[in-house]
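The values are calculated or read from the model by the stated rules, or taken from the named source; none is laboratory data. Please read these numbers as outputs of a predicted model, since none were measured by experiment. Ideal geometry is used to build each Cβ from the backbone, glycine not excepted, and the neighbour counts take in all protein chains shown.
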Ligand code: UGA
């Protein structure tokens, strides 16, 4: 019943926290989203989602209007409001490039704890090094009177950009790390909306109840596995490239074995984004600290394979344009190259660690005149890589190009007409960095086509 439903706060209204706050309001909970960023909170309160995520704007406005969802920059208000406080702040890569920076987590927990005046549950959600939940428990112990009985728990999230609303409302599992029956029961109530929705749709959402360390590890283990799967197929692409095989057919053929599965088995220019690359590095660093560095040494290879895909595009470009490689790499001066895609994947405006932008940077450094276009990521890309040249449309980007590189598999690019584009370019040469084009179609239209790991 509604009465048994705890009130939820989400601290940190970045991508993760805002999505959860909005979706849990949609599930019927009373929700407060908290952030120290006044502008972000003002925007959300006015019904504006500060990032691109399909379906979220509408849910935000609907739930504000329904009175279930509000936003605040006041720790006191958050502390008074919530029965369960989810910590969703960022855990960026540390300055040394490896471990995770927990400054935001610490600030959020300490400030919240100092304002708590009744029993509540603090639940970590951010991706963190294993051991963080125990550390938070100690922090809370230092800042909250023990008689309040404030407890800590862990519940990782698995949402994918572009599918975040679905992933939150209809997750394929819920994982909780708890130490007491009280925490377990309260966290169940805090997720009951998800289980109830599943029941009305004749589905079941598996619930894994475990300890802190396992709950924390589930998240990084899942991302490490996904990254490994992608690098595995990209390693096969490398072998195909020298052996004359076709990795797309190889991937399809091995993917039919359900033990392998065909998802996350697309070879291309590699993985990027705010999670996979950062998480595998932080995971290695943490394992090293714990004395298990050897166990994750393969993740270093996963990273290297992934980064080699970017230089592969550069070398393919030189090859297609008939350029020689000097000791400093290929010289592409005078060549005009269209880079299609700036985001790390389609249906997102996120350009963090995007392979597309990294390749654009390599091409530029090699002397090419690079023209970038992306359907959603231009504003972010211009801020992150101001030295690149951006074009307002797909046609503008490819006009007079000697080479076209498709580096993010947006539908606009997949469905582009090679005949029409052929009339705009200076040279009909295309690198399909995501193996998302039909080689036959492009070849018939007179293009020289190069995919990743394809003959
Ligand atoms: C990833 C995970 O998929 C989520 O489960 C996880 O919750 C999230 O990180 C997180 O830690 O928050 P996301 O970063 O949104 O989600 O992106 P993915 O869809 O996983 O794609 C990552 C990268 O891998 C993209 O650059 C994509 O182009 C690339 N990729 C994906 C491939 O190169 N090949 C594939 O077969 C699949």
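Residue 263 meets all of the listed conditions (1) part of a loop (DSSP other than H, G, I, E, B); (2) within 10 Å of the ligand (Cβ to nearest atom); (3) free of Cβ contacts under 8 Å to residues at least 24 places away in the same chain; (4) in contact with a helix residue (DSSP H, G or I) (Cβ under 7 Å, 6 or more places away or on another chain) but one, namely (4). Here residue 322 does not qualify as closer than 25 Å to residue 343 by Cα and not in a helix (DSSP H, G or I).
Looking at the range 61-75, can you tell me whether even one residue there is buried (at least 17 other Cβ atoms within 10 Å of the Cβ), on the phi > 0 side of the Ramachandran plot, in the same structural domain as residue 122 (by TED's automatic domain parsing) and part of a loop (DSSP other than H, G, I, E, B)? No; the residues of the range 61-75 include none that is buried (at least 17 other Cβ atoms within 10 Å of the Cβ), on the phi > 0 side of the Ramachandran plot, in the same structural domain as residue 122 (by TED's automatic domain parsing) and part of a loop (DSSP other than H, G, I, E, B).
Assigned by TED's automatic domain parsing to the domain that holds residue 85, more than 21 Å from residue 344 (Cβ to Cβ) and in contact with a helix residue (DSSP H, G or I) (Cβ under 8 Å, 6 or more places away or on another chain): does that describe residue 150? When the stated conditions are applied, residue 150 passes them.
Inside the range 397-415, residues that are over 29 Å from residue 326 (Cα atoms) and free of Cβ contacts under 8 Å to residues at least 60 places away in the same chain make up a count of 3. Residue 192 passes every criterion in (1) over 19 Å from residue 136 (Cα atoms); (2) touching a helix residue (DSSP H, G or I) at 6+ places or on another chain (Cβ under 6 Å) apart from (2).
The listed residues are 253, 287, 292, and the only one of them that is buried (at least 19 other Cβ atoms within 10 Å of the Cβ) and away from the ligand (no atom under 11 Å from the Cβ) turns out to be 287.
Scan the range 15-51 for residues that are part of a loop (DSSP other than H, G, I, E, B), out of contact with any strand residue (DSSP E or B) (no Cβ under 8 Å at 6 or more places or on another chain) and surrounded by 19 or more Cβ atoms within 10 Å (Cβ to Cβ) and the total you get is 2. When 340, 364 are screened for being over 27 Å from residue 14 (Cβ atoms) and more than 16 Å from the ligand (Cβ to nearest atom), only 364 passes.
Listed here are the residues, each with its yes/no results for (1) surrounded by fewer than 14 Cβ atoms within 10 Å (Cβ to Cβ); (2) near the ligand (Cβ under 9 Å from one of its atoms); (3) under 16 Å from the mean Cα position of the chain (by Cα).
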site: 210; (1), (2), (3): no, no, no
site: 219; (1), (2), (3): no, yes, yes
site: 228; (1), (2), (3): no, no, yes
site: 235; (1), (2), (3): no, no, no
site: 243; (1), (2), (3): yes, no, no
site: 246; (1), (2), (3): no, no, no
site: 249; (1), (2), (3): yes, no, no
site: 258; (1), (2), (3): yes, no, no
site: 272; (1), (2), (3): no, yes, yes
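Considering the range 80-196, the qualifying helices (runs of 4 or more DSSP H), each wholly inside and each with 2 or more residues that are away from the ligand (no atom under 16 Å from the Cβ), modelled with pLDDT of 95 or more and farther than 15 Å from residue 6 by Cβ, run over 103-115, 132-143.
Going by the structure shown, is residue 336 surrounded by fewer than 24 Cβ atoms within 10 Å (Cβ to Cβ) and in contact with a helix residue (DSSP H, G or I) (Cβ under 8 Å, 6 or more places away or on another chain)? Spelling it out, it is not the case that residue 336 is surrounded by fewer than 24 Cβ atoms within 10 Å (Cβ to Cβ) and in contact with a helix residue (DSSP H, G or I) (Cβ under 8 Å, 6 or more places away or on another chain).
Taken over the range 339-353, the criterion of being modelled with pLDDT under 95 and either part of a strand (DSSP E or B) or out of contact with any helix residue (DSSP H, G or I) (no Cβ under 9 Å at 6 or more places or on another chain) (or both) is satisfied by 348 alone.
Kindly establish whether residue 394 is in contact with a strand residue (DSSP E or B) (Cβ under 8 Å, 6 or more places away or on another chain), in contact (Cβ under 8 Å) with a residue 24 or more places away in the chain and more than 16 Å from the ligand (Cβ to nearest atom). When the stated conditions are applied, residue 394 passes them.
Taking the listed residues 332, 357, the one that is assigned by TED's automatic domain parsing to the domain that holds residue 423 and more than 16 Å from the ligand (Cβ to nearest atom) is 332, with no other qualifying. Candidates in the range 300-315 are the residues that are away from the ligand (no atom under 15 Å from the Cβ) and in contact (Cβ under 8 Å) with a residue 24 or more places away in the chain; of these, the one that is farthest from residue 228 (Cα to Cα) is 314.
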